[in-house]
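Okay, so here's the structure we're looking at.
The values are calculated or read from the model by the stated rules, or taken from the named source; none is laboratory data. On a predicted model such as this, the values are computed, not experimentally measured, just so you know. Methodologically, a virtual Cβ is constructed for each residue, glycine included, from the backbone with ideal geometry; neighbour enumeration extends over all protein chains shown.
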Amino acid sequence: MPQKPARCYTKRRSKAFSGPPYTRREYIHGTPPPKIQKFAMGNPHGDYDYALELYVLERGQIRHNALEAARVMVHKYLSTSIGEDNYWFRVRVYPHHVLRENKMMAFAGADRLQEGMRQAFGKPVGTAARVFPGQAVLEVRVRKEHIDKAMEALRVGASKLPLPSRVRVIPLKQNVEAEAAS
């Protein structure tokens, strides 16, 4: 059965989103594992000047397959344009929230629509990360000469996320002190 579109899970009604997340996996049987393979890529020991963060502007949920698609796009763009040793990239959120779906049967040529039980609990179909306005989803650390490439990589990755987002540039502390002294 194909996945429902992201719009079914992204925006949550205020009552549902303010409720507790459904995360207790020891009580939830059959939860699929998140598709994210790695959370940190590149060279973590490099000397970087700037950190660029992709942060969201609205409250919502980002499914694990959207996070993996954004991760793959950003990592591919950065590794081909500036090389593996010139950046450190990480995914800052983890998809803890288990998504449920009340599956309905759909037959070809059906003359009646199945309505099912209202507000049925459903079975687990995936996971999502709950995010809030201003929360960083992706982070890239680079040197000064690679800022433009990193911004473009985050813009490419943002196209895979269901929420509007922006890029924030943060100078790292050690370099700010060095520039102030000179």
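The number of residues in region 136-148 being farther than 16 Å from Arg63 by Cβ and touching a residue at least 60 places away in the same chain (Cβ under 8 Å) comes to 9. Scanning region 81-96 for residues that are modelled with pLDDT under 95 and out of contact with any Lys or Arg (no Cβ under 9 Å at 6 or more places or on another chain) turns up Gly83, Glu84, Asp85, Tyr94. Checking each residue in region 42-81 for being surrounded by fewer than 16 Cβ atoms within 10 Å (Cβ to Cβ), in contact with a helix residue (DSSP H, G or I) (Cβ under 7 Å, 6 or more places away or on another chain) and part of a helix (DSSP H, G or I) picks out only Ser81. Cβ-Cβ contacts under 8 Å between residues 6 or more apart (or on different chains), taken from a first residue in region 149-169 that is under 14 Å from Gln135 (Cα atoms) to a second residue that is part of a loop (DSSP other than H, G, I, E, B) and hydroxyl-bearing (Ser, Thr, Tyr), are listed as Leu163/Thr10. Here region 30-41 is the region considered, the condition is being among the hydrophobic types (A, V, I, L, M, F, W, C) and assigned to a loop (DSSP other than H, G, I, E, B), and the residue that is surrounded by the most Cβ atoms within 10 Å (Cβ to Cβ) is Ile36.
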